[in-house]
Amino acid sequence: MSGLVPARLGPRDVVRTGLAGLRTRPARAALSALGVAIGIATMVAVIGISSSSKEDLLRRLDRLGTNLLTAKPGSTLFGDQAELPETAPEMVRRIGPVTGVGATGEVDATVRRTDRIPVEVTQGIAVQAASPDLLATLGTGTASGRWLNAATERYPGMVLGSEAARRLGVDAAGGRVFAGGRWFVVLGVLRPAELAPEIDRSALVGWDAAERYLGFDGHPTTIYERSTDASVNDVRDVLARTVSPEHPEEVEVARPSDALRAKAEAAGAFAGLLLGLGAVALLVGGVGVANTMVVSVLERRREIGLRRSLGATRGQVRTQFLAESLLLSASGGAAGAVLGAAVTAGFAAAKGWPPVLPAWAPAGALGATLLIGTVAGLYPAVRAARLSPTVALAAV
Amino acid sequence: MRFGDGAAGDAIVELAAVTKKYGSVAALRGVDLLIGTGEMVAIVGPSGSGKSTLLHMIGTLDRPTAGRVRVAGHDVAGLSDRELSALRARHIGFVFQQFHLAPGVSALDNVADGLLYSGAGLKERRKRAREALERVGLGGRAGHRPHQLSGGEQQRVAVARAVAGGPDLLLADEPTGNLDTAAGSGVLALLDELHRAGTTVAIITHDLDVAARAPRRVRVRDGLVVADERAGAVGR
Ligand SMILES: Nc1ncnc2c1ncn2[C@@H]1O[C@H](COP(=O)(O)OP(=O)(O)OP(=O)(O)O)[C@@H](O)[C@H]1O
Ligand SMILES: [Mg+2]
């Protein structure tokens with residue numbers, strides 16, 4: 001044995017050598033770290049934003065409940081529009097676990113701001129008869145004015161859905177609108193009904209008033225029903241038969257919260273594309289780091305030769321450049337993760353979402369940058385280590 | 001080969017029939033050379049004669065194509081690259097014509113970083129660096145960065161870096177090549193001093209005065225040692 005054993009560099013000294021190159025060219029280091037930072041920030045922000053959006057939808061779902069079912073007329077065997085019996089809401093109310101039933105019935109009329117506007121102009125607003133317990137069943141309320149009560153449901157008054165009110169230029173209860181050849185007092189304006197967006201675009205009239213003033217035929221076109229959470233599936237099984245005992249096949253039963261749930265699931269899937277975009281940005285950042293490292297090794301051949309003359313082993317030279325590459329991409333990654341988190345927080349705040357960033361996102365970002373640093377730095381580092389000391393020293 | 005200059009155990013450098021070829025170019029063509037511990041040797045010769053190549057062989061920066069190199073008692077052929085690195089870290093200090101100082105790094109840290117591969121901790125490295133800077137007369141300039149130093153001062157920092165680890169062998173390849181006469185003689189005086197303090201010094205120089213002052217001159221031409229003269233003796 002020669003007894004010649006190279007000294008080991010401690011972790012601090014490895015970092016010191018890795019920093020040596022970055023310190024002499026800070027602008028270049030910052031720019032190539034920026035490439036990685038952009039990629040990581042994109043990915044973290046995409047994950048954060050989609051997680052926040054999903055969390056928001058799930059919380060809304062929690063708040064709105066998943067126990068609302070609707071029953072609508074489908075089509076008859078002959079392809080005509082089916083009709084629900086007038087007694088349907090009453091029958092549904094008799095199902096044991098049902099806690100609330102509301103109904104609306106489409107009315108063949110249009111509602112307009114004044115009598116000067118032609119009758120064909122609907123502005124996408126449906127005029128509907130509404131049962132008094134509709135509002136409680138939907139779990140929403142009025143933004144202004146009052147909901148229909150036993151007295152007002154007989155009078156020519158309307159309660160406007162939030163979107164309908166906006167389109168009619170009505171800010172609050174108290175004014176009047178024109179429908180079916182006469183004026184209706186605006187009794188109230190509703191808050192958005194998240195589980196029943198069709199209500200937002202409706203002008204609601206009392207059942208009796210609709211029959212009296214607007215020629216409503218008394219057949220409900222949507223029945224809203226709530227039950228206890230545990231019995232939703234049981235109720236669903238019997239709902240069609242209860243609504244229309246003679247033609248259950250003509251009834252379409254739906255669970256509006258399913259749409260929201262699907263949206264929550266989709267929030268994650270949609271992120272896939274943007275995530276791919278972030279990955280491409282990250283890859284480009286990695287190429288930038290590799291490029292910087294190749295140039296760095298080329299420029300610093302004399303330094304490499306000097307270090308070899310001072311006793312650095314090939315391994316120590318390799319470690320130095322690998323450390324430099326890792327520091328470069330890790331600092332970019334850290335900056336990117338912070339930036340991504342900040343973008344998530346800002347975006348969520350603007351949207352009124354709860355900011356959510358799953359812990360695996362920054363952890364994954366760190367892992368990705370370490371991988372990139374290694375891959376980008378390996379080839380230049382190996383080349384640096386292979387340089388013969390005399391050739392390195394002679395470099396210009 | 002000359003014998004009788006001292007026992008082989010006394011020699012820190014032994015080259016026997018050393019050949020170095022770069023492709024078809026033979027930079028060294030069978031060089032025998034013994035350098036005793038504590039000697040000061042000037043290596044002279046025309047450009048392209050193989051002086052730097054010879055110094056690289058002595059400094060174990062490269063291996064000979066043929067022949068034997070022993071440094072500090074180790075046969076280079078039997079050592080791995082790691083062991084050669086350790087040998088350089090422990091026994092050999094280099095001074096180059098270009099000073100090879102890290103820009104933007106203080107003189108103190110330039111010297112201290114030279115000790116990185118000796119295994120000393122940062123505090124110890126800085127302490128020894130400070131001592132080395134004082135030895136070369138730059139104790140007061142420790143905080144200065146290379147661009148704030150004159151060429152002569154930069155080369156003295158490089159000398160401090162080479163000797164901070166207390167090497168047995170100091171190798172200098174034209175250390176004054178980039179300096180004017182005054183700065184050059186300052187650096188040479190420094191090397192002289194180190195030699196007197198016990199370090200073995202081999203120095204490549206083009207300066208005939210410098211060569212004449214050295215106790216021993218090895219003359220190289222076309223890859224061969226053509227003369228080996230000692231002060232007071234007449235060459236062959
Ligand atoms: N890496 C190399 N590849 C090819 N040829 C080389 C290499 N290094 C040196 N040589 C050749 O070997 C010969 C000796 O070179 P060396 O550098 O040892 O000369 P030198 O005496 O130091 O010259 P100078 O005084 O100009 O520095 C030259 O002909 C040179 O071209
Ligand atoms: Mg030379």
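Laid out as a table, the results:
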read-out	value
Selection count where residues are within 14 Å of chain B (Cβ to nearest Cβ) and open to solvent by less than 20 Å² (accessible area, probe 1.4 Å), scope the stretch A:19-50	2
Any chance B:THR19 is within 16 Å of ligand 1 (Cβ to nearest atom) and crowded, with 18+ Cβ neighbours inside 10 Å	no
Filtered residues of the stretch B:97-122 (kept if within 7 Å of chain A (Cβ to nearest Cβ) and among the aromatic types (Phe, Trp, Tyr))	B:TYR117
Subset of the stretch A:52-78 [over 24 Å from the mean Cα position of the chain (by Cα) and open to solvent by 60 Å² or more (accessible area, probe 1.4 Å)]	A:LYS72, A:SER75, A:LEU77, A:PHE78
Evaluation of A:ILE372 against (1) within 25 Å of A:ARG23 (Cα to Cα); (2) β-branched (Val, Ile, Thr); (3) within 16 Å of ligand 1 (Cβ to nearest atom) (one fails), failing number	(3)
Test: residue in the stretch B:84-96 that is more than 8 Å from every other protein chain (Cβ to nearest Cβ) and assigned to a loop (DSSP other than H, G, I, E, B)	no
Matching option when the condition is more than 14 Å from chain B (Cβ to nearest Cβ) and open to solvent by 40 Å² or more (accessible area, probe 1.4 Å), among A:THR374, A:THR319, A:THR369, A:THR344	A:THR374
Number of positions in the stretch A:1-13 that are open to solvent by less than 60 Å² (accessible area, probe 1.4 Å) and either touching a residue at least 40 places away in the same chain (Cβ under 8 Å) or within 7 Å of another protein chain (Cβ to nearest Cβ) (or both)	6
From the options A:ARG16, A:ARG63, residue that is within 14 Å of chain B (Cβ to nearest Cβ) and either of a type in the set (D, E, K, R) or under 30 Å from A:LEU277 (Cα atoms) (or both)	A:ARG16
Candidates A:ARG314, A:ARG236 - the one that is more than 14 Å from every other protein chain (Cβ to nearest Cβ), out of contact with any Cys (no Cβ under 7 Å at 6 or more places or on another chain) and either open to solvent by 30 Å² or more (accessible area, probe 1.4 Å) or of a type in the set (Asp, Glu) (or both)	A:ARG236
Residue tally, condition part of a helix (DSSP H, G or I), open to solvent by 20 Å² or more (accessible area, probe 1.4 Å) and touching a residue at least 40 places away in the same chain (Cβ under 8 Å), over the stretch A:241-257	3
Close pairs from the stretch A:376-387: first farther than 13 Å from A:ASN291 by Cα and not assigned by TED's automatic domain parsing to the domain that holds A:ARG301, partner open to solvent by 10 Å² or more (accessible area, probe 1.4 Å) and in a loop (DSSP other than H, G, I, E, B), Cβ under 6 Å, at least 6 apart	none
Evaluation of B:GLU153 against (1) open to solvent by 10 Å² or more (accessible area, probe 1.4 Å); (2) outside any helix (DSSP H, G or I) (one fails), failing number	(2)
The stretch B:44-60 residues that are within 27 Å of A:ARG307 (Cβ to Cβ) and within 13 Å of another protein chain (Cβ to nearest Cβ), paired with ones that are near ligand 2 (Cβ under 8 Å from one of its atoms) and open to solvent by 10 Å² or more (accessible area, probe 1.4 Å) (beta carbon under 7 Å, 6 or more apart)	B:SER52/B:ASP173; B:LEU55/B:ASP173
Tally of residues being in contact with a His (Cβ under 6 Å, 6 or more places away or on another chain) and charged (D, E, K, R) across the stretch B:148-198	1
Failed item, numbered, when B:ASP81 is tested on (1) facing chain A (nearest Cβ under 7 Å); (2) farther than 28 Å from A:ARG16 by Cβ; (3) out of contact with any Leu (no Cβ under 9 Å at 6 or more places or on another chain)	(2)
Residue identified as part of a strand (DSSP E or B), away from ligand 1 (no atom under 16 Å from the Cβ) and within 29 Å of B:ASP209 (Cα to Cα) among B:ILE12, B:ILE43	B:ILE12
B:GLY137, sole failed condition from (1) more than 10 Å from every other protein chain (Cβ to nearest Cβ); (2) part of a loop (DSSP other than H, G, I, E, B); (3) over 22 Å from B:VAL187 (Cα atoms); (4) modelled with pLDDT under 95	(3)
Residue in the stretch A:171-207 that is least open to solvent (accessible area, probe 1.4 Å), counting only those that are touching a strand residue (DSSP E or B) at 6+ places or on another chain (Cβ under 6 Å) and part of a loop (DSSP other than H, G, I, E, B)	A:LEU195
Residue list for the stretch B:39-78, restricted to those being away from ligand 2 (no atom under 16 Å from the Cβ) and open to solvent by less than 20 Å² (accessible area, probe 1.4 Å)	B:MET40, B:THR60, B:VAL69, B:VAL71, B:VAL76
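Each row is one residue, and each column tells you yes or no for (1) assigned to a helix (DSSP H, G or I); (2) more than 16 Å from ligand 2 (Cβ to nearest atom); (3) surrounded by 21 or more Cβ atoms within 10 Å (Cβ to Cβ).
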position: B:LEU188; (1), (2), (3): yes, yes, yes
position: B:ILE203; (1), (2), (3): no, no, yes
position: B:ALA212; (1), (2), (3): yes, yes, no
position: B:ARG219; (1), (2), (3): no, no, no
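The values are calculated or read from the model by the stated rules, or taken from the named source; none is laboratory data. Here the structure is a predicted model, which means the values were calculated and not measured. Neighbour counts run over all protein chains shown; Cβ positions are idealised from the backbone, glycine included. For accessibility, only protein heavy atoms count, side chains too; no ligands or nucleic acids. Shrake-Rupley method; radii C 1.70, N 1.55, O 1.52, S 1.80 Å.
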